[in-house]
1. Which one of these is within 14 Å of another protein chain (Cβ to nearest Cβ), farther than 21 Å from A:Leu51 by Cα and touching a Cys at 6+ places or on another chain (Cβ under 9 Å): A:Pro191, A:Pro195?
2. If you check A:Gly364 against the conditions, is it at pLDDT 80 or above and either among the aromatic types (Phe, Trp, Tyr) or in contact with a Phe, Trp or Tyr (Cβ under 6 Å, 6 or more places away or on another chain) (or both)?
3. Looking only at region A:142-162, which residues are in contact (Cβ under 8 Å) with a residue 60 or more places away in the chain, buried (at least 19 other Cβ atoms within 10 Å of the Cβ) and facing chain B (nearest Cβ under 8 Å)?
4. If the requirement is being closer than 30 Å to B:Ala92 by Cβ and either open to solvent by 20 Å² or more (accessible area, probe 1.4 Å) or touching a Gly at 6+ places or on another chain (Cβ under 6 Å) (or both), which of these qualifies: B:Asp254, B:Asp291?
5. Count, please, the residues in region B:360-381 that happen to be free of Cβ contacts under 8 Å to residues at least 12 places away in the same chain and open to solvent by 60 Å² or more (accessible area, probe 1.4 Å).
6. So, in region A:279-288, of the ones that are open to solvent by less than 30 Å² (accessible area, probe 1.4 Å) and assigned to a helix (DSSP H, G or I), which residue ends up nearest to A:Val269 (Cα to Cα)?
7. Go through (1) free of Cβ contacts under 8 Å to residues at least 24 places away in the same chain; (2) charged (D, E, K, R); (3) over 25 Å from B:Ala183 (Cβ atoms) and name the single condition B:Asp254 misses.
8. Of the residues A:Thr174, A:Thr181, A:Thr240, A:Thr260, which single one is more than 14 Å from chain B (Cβ to nearest Cβ), over 26 Å from A:Phe407 (Cα atoms) and among the β-branched types (Val, Ile, Thr)?
Number of protein chains: 2
Amino acid sequence: MNPNIPQTDRKRVVIVGAGFGGLKLARKLANRSDFQVVLLNRQNYHEFQPLYYQVATAGLEANSILFPLRAVFGNCKNVHIRVTNVTGVRPADKTVDTELGPITYDWLVIATGADTNFFNQQNIIEKALPMKSVAEAIALRNRMLQNFEDALSVESEDEREGFMDVVVVGGGPTGVELCGTLAEMRRTVLPRDYPELDFMKMDIYLIESGGELLGPMSKQSQEHSLAYLQELGVNVRLNTRVKDFDGRIVTMNDGSTLRTNNLIWAAGVKASPLAGLPPEVLGRGGRIIVDRYNQVQGFTDVFAIGDVALMSEEKWPNGHPQVAQPAIQQGRLLAKNMTRWLKNQAPEEFTYRDLGTMATIGRGLAVVDLPFLKFQGVLAWLTWLFVHLMAIVGVKNRLAIFINWMFNYLTYNNSLRLIIRQKMPKGDFSAMQEKLSDQLEVSKT
Amino acid sequence: MNPNIPQTDRKRVVIVGAGFGGLKLARKLANRSDFQVVLLNRQNYHEFQPLYYQVATAGLEANSILFPLRAVFGNCKNVHIRVTNVTGVRPADKTVDTELGPITYDWLVIATGADTNFFNQQNIIEKALPMKSVAEAIALRNRMLQNFEDALSVESEDEREGFMDVVVVGGGPTGVELCGTLAEMRRTVLPRDYPELDFMKMDIYLIESGGELLGPMSKQSQEHSLAYLQELGVNVRLNTRVKDFDGRIVTMNDGSTLRTNNLIWAAGVKASPLAGLPPEVLGRGGRIIVDRYNQVQGFTDVFAIGDVALMSEEKWPNGHPQVAQPAIQQGRLLAKNMTRWLKNQAPEEFTYRDLGTMATIGRGLAVVDLPFLKFQGVLAWLTWLFVHLMAIVGVKNRLAIFINWMFNYLTYNNSLRLIIRQKMPKGDFSAMQEKLSDQLEVSKT
């Protein structure tokens, strides 16, 4: 195999990862006569991460929050998309290694984002459910729905509760939004779907190691979201850490236990840097240390943007929050600076413009922190809906999500309660075997 | 495990399969005080089979042609849905065996439909791509899209064509509609997505063993559909059978060969009867022989409806066509007759009311045979769209499909070109292992 990237005399920019940062950068460099863009991504689509939890809870179809990369760059002759895994970088050779073969670069941009951080707890890696990709969100949806099917056919009350109860770890936006949605489903659609089950017995726990929910938000928003969740009947435990999980019992650091088969892990992320970088460029949380131009320490031709990059500003001494906005803004500025370098002009320093943060808890329940204004309730909820709708790539996705939301709002009906089990594609046998042996290994350790 | 179906003094009707026939029957018996309905299905959703090919070609999302069974029967206290495999029937004990345990019945209705018929050709079973479930349609979509990705990174022209060329076997509606859609994509969206590939080199073949396409339709429709496909550049070979396929070369009965990695098998179906029935009730194509009341030969308490049933009428001596309408009509009448039997009234004989058949080939290209009228072209195409839209279960699905169709029509853009690879759910390890060993076995034989 051969990536077959044509040789040109343009500056070749290789971008690893088509998340918010990588996609923005590639779009800015598309159709430019001075650049050749090679965009490498594991999937053939861009994922809109902030709405994973709605896929997991059957409110949105996976398709609506995904956008095919080739549709974004249709007819752009200077953009070469390759769907592949990047296995490492060899800076001395100006080359990245991929599963399709090596690709050389003039400039390399690492935009590989972050993945679930299980903090090396082996039992939890094996048994908990993560939610850092659309594939994981679908797996979670299938698992949750299958749980209720299974609950119908068990013999003991203990087993039934094991299937129905849910423990979510991590009081960030993902954990909060997931618990809020599950609590609403418990009240509306689930009793209608399963008249044979008693949903008074379904318990939802949210475990947070810190002293408050939604850590980086305002005190006002933190308190409101806690109150909203409690109103919806979610058991929130602050200042508590999950220490162990054997697939049936969750054990906390205070020795208390909860009986559930379902531990959802939304407790943190760690950066996914590339193999082959010198260890001294890796900082806190595995992030790659960059200067204000997103240049990796010690390199002039390697850059990192977004979640995987660690840039210190006066206001952000420990790096920017690992959310969409810093990635988008860095991608945009890097495109501009690349043009400047090409013209031998001085680059512009990056300064993060915090546009605010928000989280939704339930119908009409949300919290919004803008730089100069904080508000909650229905108006916050409508703001959340509008901002997320506008942030989605593609008119059709936007329309599809709008219709889904309208229907869900009017009918209290998360209509996508489908347990779709994919067939293994034929010929994908080796990949399957590999996965199988991975799982075997994990279960042996 | 235990299916946990409560005992009542109502008549218990156990329905195996929630396709068109089983679903119609269950809906008719829902909320009736004299029946207890147990609906057994392998999936938690009803599938709208006529649109599989649009899922396979990225025109519709799988979700729009699926409907969750529990949403259909929300709050119906007399309907008990169990998502499980039925492994067989023991008529002497009035019991069906399921993976959840045995379930007794007063009346059993077998509505298990039909599956792909590979005519026992082992090489084809192993290597060809079927399309008789939504899971298979998704697998086909993933495979087709992955093919173009792979075509970008091969070294030889021969391998590239192996990935790009497609051979479809079977000139029924599925084969015709699939070829038509692929031919349109070759002309519109694919060159835009893959400017690096030469789509002049993508060949699409349709192989049909009979002397015409769309066998049961009028001569006029058959000729029009052939002409439409040829206009779109599909190579149609009539009176030809596929004899062998090794994953790279398709061999025909006349000794000719075609080079492709992609053999799509839409050449026929065989019924999926239940294990445990006496062999004498099985007729042509594995279908269960029933009388005009859908009663299985020799039983008063076992029924079969839809594709799996073989009922002779004067006009249909070899049974009804295996499509939606006979199943729906039989399901509806059986519900009525069950009520009549309960009241000791004489049942009504089934007579198939042929509402007509239609097939779509491309934009503005379709053929429609109504009982007293045959027409083609744009009007036929609009009729096809309208009828299929109206046949879909659920307002939201209908709206989603309408929007998708509008967008595809206006933008020439099958927007769902996503290769979504699901994660294996944790804990589903045994099922995976089973699948793996199935595949191993197949590859050993």
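The values are calculated or read from the model by the stated rules, or taken from the named source; none is laboratory data. Bear in mind that the values here come from a model prediction, so they are computed numbers and not experimental data. Cβ coordinates were reconstructed from backbone atoms using ideal geometry, including for glycine residues, and neighbour counts include every protein chain displayed. Note: areas computed on protein heavy atoms with side chains; ligands, DNA, RNA excluded. Shrake-Rupley method; radii C 1.70, N 1.55, O 1.52, S 1.80 Å.
1. A:Pro195 is the lone residue from the list that is within 14 Å of another protein chain (Cβ to nearest Cβ), farther than 21 Å from A:Leu51 by Cα and touching a Cys at 6+ places or on another chain (Cβ under 9 Å).
2. The answer is yes for A:Gly364.
3. The answer is A:Asn142, A:Arg143, A:Leu145.
4. Just one listed residue meets the conditions, B:Asp291.
5. 3
6. By that ranking, first place goes to A:Gly286.
7. Single failed check for B:Asp254: (3).
8. Of the residues listed, the single one that is more than 14 Å from chain B (Cβ to nearest Cβ), over 26 Å from A:Phe407 (Cα atoms) and among the β-branched types (Val, Ile, Thr) is A:Thr240.
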